[in-house]
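Input: a single structure, listed below in structure tokens.
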Amino acid sequence: MAREPLTNEQIGTARLVLNFEKVGLTDEQFFPLCSDNRDLRMELTAQKELIIMSPVGLKSGWREHLLIMRLGIWSEQDGTGIVCSSATLFKLPDGAIRSPDASWTRRDRLAGFTDAELEKFGPLCPDFVAEIMSPSDRLIEVQEKMEEYIANGAQLGWLIDPFEARVYVYRPAQRGDCLQNPATISGDPVLPEFTFQVAEIW
């Protein structure tokens with residue numbers, strides 16, 4: 001008899017990590033696994049750890065949406081890149097498959113890929129990535145994820161902690177700067193003239 005899918009209440013707030021290093025989990029297997037379990041948010045680390053994350057709460061979802069909406073408005077006016085939501089998975093050069101809460105990628109970097117390739121995992125690391133912490137996140141783990149994005153080619157990263165009113169800004173060859181209770185954060189020069197009113201989500 002078929003088992004009923006897990007509900008959000010059964011999944012809970014913790015994340016589940018399964019090690020597939022010895023068993024093996026290829027990209028060709030991971031993509032249909034994600035497609036067949038759309039209610040779950042999954043990532044695959046470079047060490048072949050499958051991470052199943054809990055659904056975000058209402059306020060976390062609102063924070064993500066606000067950033068994506070503002071970034072999208074700017075991107076439409078700028079015209080040089082595209083914005084993706086947290087539902088988008090990117091295959092990083094180190095082999096990890098990650099889904100930032102918001103991202104922006106230059107169109108000229110996408111031009112070398114076919115439409116078929118772009119209908120699956122994003123085959124590159126975005127130019128800009130953002131993560132907004134939710135109550136179940138551990139700061140050290142999200143910081144390591146941000147460092148991974150930068151090591152794999154991201155030119156700018158924002159780690160936003162709405163609970164401590166802090167923003168950690170990441171750039172290549174620089175340590176992450178910590179901004180305490182900023183009203184706004186600037187995307188220059190990677191996102192020219194984009195400013196996010198981050199105080200809105202405190």
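Listing for the model above:
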| item | result |
| --- | --- |
| Three-way shape label, the range 86-198, alpha-carbon gyration tensor, a/c 1.5 | prolate |
| Separation of alpha-carbon centers, the range 145-192 and the range 34-95, rounded to whole Å | 16 |
| Ellipsoid semi-axes in whole angstrom, largest first, where each is sqrt(5λ) of the Cα gyration tensor of the chain | 27, 21, 16 |
| Residues with amide H under 5 Å from that of GLY81, placed H, sequence gap 5 or more | ARG107 |
| In order through the range 73-78: 3J(HN,Hα) via Karplus (6.51 cos²θ - 1.76 cosθ + 1.60), integer Hz, x for Gly, Pro | 4, 4, 5, 4, 6, 6 |
| Cleavage-rule hits, trypsin sites (Lys or Arg not before Pro), the range 99-202, DSSP coil, Cβ neighbours within 10 Å at most 10 | ARG138, ARG175 |
| Cα centre as origin, Lys/Arg/Asp/Glu Cβ charges: the chain dipole, Debye | 180 |
| Built amide H within the under 5 Å cut-off of ALA102, gap 5+ | ALA130 |
| Dipole-positive endmost among MET133, ALA111, ASN152 within the chain (Cβ charges, Cα centre) | MET133 |
| Filtered chymotrypsin sites (Phe, Trp or Tyr not before Pro), the range 71-158: DSSP coil and at most 16 other beta carbons within 10 Å | PHE113 |
| Contour excess over end-to-end distance, with Cα ends at ALA116 and LYS59 and 0.36 nm allotted per residue | 17.1 nm |
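FYI, it's all coordinate maths here, none of it is from the lab. Since the model is a prediction, treat every value here as computed from it, not as a measurement. When we count neighbours, we look across all protein chains shown, and the Cβ atoms used for this are built from the backbone with ideal geometry, even at glycine.
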